[in-house]
Amino acid sequence: MLGATKGRKLVTAVTGSFPRPSWFVESLRGRPFRVAMGDSLYREQYLDALAAFLGEQERAGLDILTDGDARFDLEVGGRSWFFYALQRIGGIEGFRDTSEFLKFPGVRPGRILYEINEAYNPPAVTGKVSRGPLEYAAIWKTAQKMSERPVKFGTISATCMPAVLQNEYYRDDHELIMDLAAVQNEELKELAAAGCPVIQIEEPHHHYACIADPPPPESEIDFYTRALNREVEGVNAEIWVHTCWGNPNQQAIFWDRPSYERALPYLLQLNCDVLTLECASTGGRDLPLLGRYKTDKKIGIGVISHTQTTVEPPEVVARLIRKALEYVPPERLVITTDCGFGREGLSRRIALYKCIALVEGANLVRRELGLPEVPIRAADPRFALRLA
């Protein structure tokens, strides 16, 4: 259900996470959000970090903001992206001394992905999963009251959760995923009812499954579609589905990014309003695929890389937007980042200037199309400390 982007062209946003401020040293450590907000130290640091994240995005000129995933603890390799939800869903407990992630090809001691992956000790599913204190609505409201601009809320997909779970209860992962989708659905409906304008479901398993060797049968991909559609069933908000090729500690899981070619027709079947694709890392290599399919969905293209520290020049951003416009009209094109900026991989300064470059690149194309440009206070020379 289009809302925040309805009738708007070349809307800008970022995926979600922002680098954690060095002074934000408190963490949830498994507590419910509202309980932790009764802790004076945590509350002060959380609210100050939230204000910093939102303020930097506003100064960069982004149309849709995020809370920077401020609820996630500072853990190795972004581990909290998985574990925030898993620590707060009933039927999941403890930890097991194993990690499926260590089975990735080429992952061995001496490689950064090994150090990241060995920290992902999975909790066990010991009973039927049930709704716990996820408190998405409370988290979103805390951010939205700080800004007049729409704040997007993102969460891990149910299809992704079993990757870090030891299933000791369900007959198979399909049963587990559908129950996780039902839990998420209850939470997301409450979030939408609270007024959240944009809800982002992150990393459905389609594109990863489609590059497996040997590839899974079509029925397996269809299952992932049914699971995600169950997750968002009856959720009255604008739904975004985010896809990328990995982001642990701002590391590329694949040096040469795979293609969306096999997955794209399945991803377009998802009940979402906006589908985001990683494009900056490949220079938009897969954009011509969009010309093969008819869809009413909006397409979000990543024009900023999360795995390189060099800030993209606005002209490079604009070039990628122009390439996307060959296949997607401006009223259906959303400009975003390949993935989040993480909590420990990039500096806050780099993340800010990447946001500025994103909007400056979009403004170059807006000017060419005769569209209104968005003011960027962070780039306004009136506020520079020194002028040449």
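Scanning region 361-373 finds no residues that are part of a helix (DSSP H, G or I), in contact with a strand residue (DSSP E or B) (Cβ under 7 Å, 6 or more places away or on another chain) and over 15 Å from Ala60 (Cβ atoms).
Looking only at region 322-334, decide whether some residue is more than 30 Å from Tyr293 (Cβ to Cβ) and assigned to a loop (DSSP other than H, G, I, E, B). No, every residue in region 322-334 fails to be more than 30 Å from Tyr293 (Cβ to Cβ) and assigned to a loop (DSSP other than H, G, I, E, B).
Could you say which residue among Asp222, Asp286 is acidic (Asp, Glu), at pLDDT 95 or above and more than 30 Å from Glu187 (Cα to Cα)? Result of the check over Asp222, Asp286: Asp286.
Within region 1-52, being surrounded by 13 or more Cβ atoms within 10 Å (Cβ to Cβ), within 30 Å of Val274 (Cα to Cα) and aliphatic (A, V, I, L, M) holds for Leu2, Ala4, Leu10, Val11, Ala13, Val14, Leu47, Ala49, Leu50, Ala51, Ala52. Inspect region 54-64 for any residue being crowded, with 19+ Cβ neighbours inside 10 Å, β-branched (Val, Ile, Thr) and at pLDDT 95 or above and give the result as yes or no. Looking through region 54-64, at least one residue is crowded, with 19+ Cβ neighbours inside 10 Å, β-branched (Val, Ile, Thr) and at pLDDT 95 or above.
Would you confirm whether or not region 184-192 contains a residue that is among the charged types (D, E, K, R), within 18 Å of Phe33 (Cβ to Cβ) and free of Cβ contacts under 8 Å to residues at least 40 places away in the same chain? Checked against the condition, which is being among the charged types (D, E, K, R), within 18 Å of Phe33 (Cβ to Cβ) and free of Cβ contacts under 8 Å to residues at least 40 places away in the same chain, region 184-192 yields no hits at all. Contact map, region 195-208: first residue within 14 Å of Ile156 (Cβ to Cβ), second residue small (Gly, Ala, Ser) and part of a loop (DSSP other than H, G, I, E, B), Cβ cut-off under 6 Å, separation 6 or more or different chains; pairs are Ile199/Ala237; Ile201/Ser157; Glu202/Ser157; Glu203/Ser157; Pro204/Ser157.
Ser259 meets the conditions (1) among the polar types (S, T, N, Q); (2) assigned to a helix (DSSP H, G or I); (3) over 20 Å from Ala163 (Cβ atoms) in every case but one. The failed one is (2).
From the list Phe18, Phe72, Phe24, Phe83, which one is touching a residue at least 24 places away in the same chain (Cβ under 8 Å), in a helix (DSSP H, G or I) and touching a helix residue (DSSP H, G or I) at 6+ places or on another chain (Cβ under 8 Å)? Lay out the reasoning, then the answer.
Values: Phe18 fails: in a helix (DSSP H, G or I); Phe72 fails: in a helix (DSSP H, G or I); Phe24 fails: in a helix (DSSP H, G or I).
Only one candidate qualifies: Phe83.
The values are calculated or read from the model by the stated rules, or taken from the named source; none is laboratory data. Everything numeric here is computed off the predicted structure, so don't read it as measured data. Positions of Cβ are generated from backbone atoms using ideal geometry, with glycine treated the same way; all protein chains shown enter the neighbour counts.
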